[in-house]
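K.L.:
After the structure tokens below, expect a handful of questions from me.
The values are calculated or read from the model by the stated rules, or taken from the named source; none is laboratory data. In this text the structure is predicted, and so the values were computed from the model without any measurement. Cβ atoms come from the backbone with ideal geometry, glycine included; neighbour counts cover every protein chain shown.
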Amino acid sequence: MPIPAASMRRMLLKLLRADNGYLNLAGLFWLTDGKSTFGSAEDNDIRFPLPAPAHLGEFDLTEDGVQMTLTTDADVTIDGESVQSVLMLDDTTVSPVTAALGKLAWVVVNRAGKFAVRLRDFEHRALTELPPIPFFDIDPEWRVEAELRYFDEPRVMNVGTVIEGLGYNPVSPGVMVFTYAGVEYELEAYDVTEDLFFVFGDLTNRGDTYPAGRFLHAPFPDENGMTVLDFNQAYNPPCAFGDFATCPVASPKNRLPVRMEAGEKFVPELHVSSLEKH
């Protein structure tokens, strides 16, 4: 059953505003081998916003991972316990470490062997000041039956991201084929365990929707390879709202020569940088 439009909007906003959502992101700092100092002072390698102390500590990127060592007595906690030095297990591990100080929290993310500190601000303006997200009107014609044409073997795809030099390598079971207005189209499908995931672009990216493309999920196909693609549920990637996510972008094969007037739109006012100008 399709998700009603109002419910879809509430669900997307809830995900964006969640503690692990994207509206509270306040920094993404890529690490180089060795030590990087961090704190609110300008002379740090990584600059945190206030109320972080001027010189809070250092991250040391080694073969074993990222070691965080504090150089002040600031009450940085992990799971409610104060720490002075800890190995920051990254977000690809079973038990990633989240450090917290007041309204700030940070984790280490691992993207294809490249490590960064991702910072969150749980009092970020975007949590309360984000303008309404516009949608196209619901169009039943953009809820289409589709067939998954399987590859002989699943393939690991090389998909670009908004971060130069950083790739996204999902496993694709095959190509999803659907027909709209008598024309057949194809999209690479990515297996993300719970369902199929698509990063797609279309001609609305030239002004109405996010230029790098949009995201869509669909149920796994039945025994006949059939499922439903509901483009009314297409939504913006996190990068539409800020600069601190590592979103995949639509591959050339997944950029379709048609206006898909369904799902979320994009306007620059949705981006956090627009809030910071006021």
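K.L.:
Test T246 against the criterion of being among the polar types (S, T, N, Q) and in contact with a Ser or Thr (Cβ under 8 Å, 6 or more places away or on another chain), and give yes or no.
P.N.:
Answer is yes for this residue.
K.L.:
Then there's this: Could you list, in sequence order, all residues of segment 73-90 that are surrounded by fewer than 15 Cβ atoms within 10 Å (Cβ to Cβ) and part of a loop (DSSP other than H, G, I, E, B)?
P.N.:
Once the filter is applied, which keeps residues that are surrounded by fewer than 15 Cβ atoms within 10 Å (Cβ to Cβ) and part of a loop (DSSP other than H, G, I, E, B), segment 73-90 yields D73, D75, D79, G80, Q84.
K.L.:
What's the number of the only condition in (1) out of contact with any Asp or Glu (no Cβ under 8 Å at 6 or more places or on another chain); (2) of a type outside the set (V, I, T); (3) touching a residue at least 60 places away in the same chain (Cβ under 8 Å) that A250 fails to meet?
P.N.:
(3)
K.L.:
Moving to a separate point now. Quick check, is T209 at pLDDT 95 or above and of a type in the set (S, T, N, Q)?
P.N.:
yes
K.L.:
Do the conditions hold for Y185, that is, is it among the aromatic types (F, W, Y) and over 19 Å from the mean Cα position of the chain (by Cα)? Outline the logic, then answer.
P.N.:
Working: among the aromatic types (F, W, Y): yes; over 19 Å from the mean Cα position of the chain (by Cα): yes.
Yes.
K.L.:
Moving to a separate point now. Taking P173, is it of a type outside the set (A, V, I, L, M, F, W, C) and surrounded by 13 or more Cβ atoms within 10 Å (Cβ to Cβ)?
P.N.:
Details: of a type outside the set (A, V, I, L, M, F, W, C): yes; surrounded by 13 or more Cβ atoms within 10 Å (Cβ to Cβ): yes.
Yes; evaluated as a whole, the condition is true for this residue.
K.L.:
Go through segment 220-242 and count every residue that is assigned to a helix (DSSP H, G or I) and over 10 Å from the mean Cα position of the chain (by Cα). If you could, list the steps in order and put the result at the bottom.
P.N.:
Within segment 220-242, the subset assigned to a helix (DSSP H, G or I) is 231-233, 238-240.
Among the residues that remain, those that are also over 10 Å from the mean Cα position of the chain (by Cα) are: 231-233.
Looking only at that region, the number is 3.
K.L.:
Does T71 satisfy the criteria of being touching a His at 6+ places or on another chain (Cβ under 7 Å) and free of Cβ contacts under 8 Å to residues at least 40 places away in the same chain? Walk me through how you get there before you give the answer.
P.N.:
Numbers: touching a His at 6+ places or on another chain (Cβ under 7 Å): yes; free of Cβ contacts under 8 Å to residues at least 40 places away in the same chain: yes.
Yes, satisfied.
K.L.:
Report yes if A245 is modelled with pLDDT of 95 or more, in a loop (DSSP other than H, G, I, E, B) and among the small types (G, A, S), otherwise no.
P.N.:
Numbers: modelled with pLDDT of 95 or more: no; in a loop (DSSP other than H, G, I, E, B): yes; among the small types (G, A, S): yes.
No, not satisfied.
K.L.:
Let me ask something else about it. What pairs come up if the first residue lies in segment 19-47 and is in contact (Cβ under 8 Å) with a residue 60 or more places away in the chain, the second is small (G, A, S) and surrounded by fewer than 15 Cβ atoms within 10 Å (Cβ to Cβ), and their beta carbons are under 9 Å apart, counting only those six or more places apart or on different chains?
P.N.:
So the pair list comes out as N24/A18.
K.L.:
Now for a separate question. Any residue at all in segment 189-203 that is surrounded by fewer than 21 Cβ atoms within 10 Å (Cβ to Cβ) and more than 27 Å from E147 (Cβ to Cβ)?
P.N.:
No: segment 189-203 contains no residue that is surrounded by fewer than 21 Cβ atoms within 10 Å (Cβ to Cβ) and more than 27 Å from E147 (Cβ to Cβ).
K.L.:
Which condition number does F122 fail, the rest of (1) free of Cβ contacts under 8 Å to residues at least 60 places away in the same chain; (2) more than 20 Å from E58 (Cα to Cα) being met?
P.N.:
Among (1) free of Cβ contacts under 8 Å to residues at least 60 places away in the same chain; (2) more than 20 Å from E58 (Cα to Cα), the lone unmet condition for F122 is (1).
K.L.:
Could you tell me whether I138 is surrounded by 13 or more Cβ atoms within 10 Å (Cβ to Cβ), closer than 30 Å to N110 by Cβ and modelled with pLDDT under 95?
P.N.:
Details: surrounded by 13 or more Cβ atoms within 10 Å (Cβ to Cβ): yes; closer than 30 Å to N110 by Cβ: no; modelled with pLDDT under 95: yes.
When the stated conditions are applied, I138 does not pass them.
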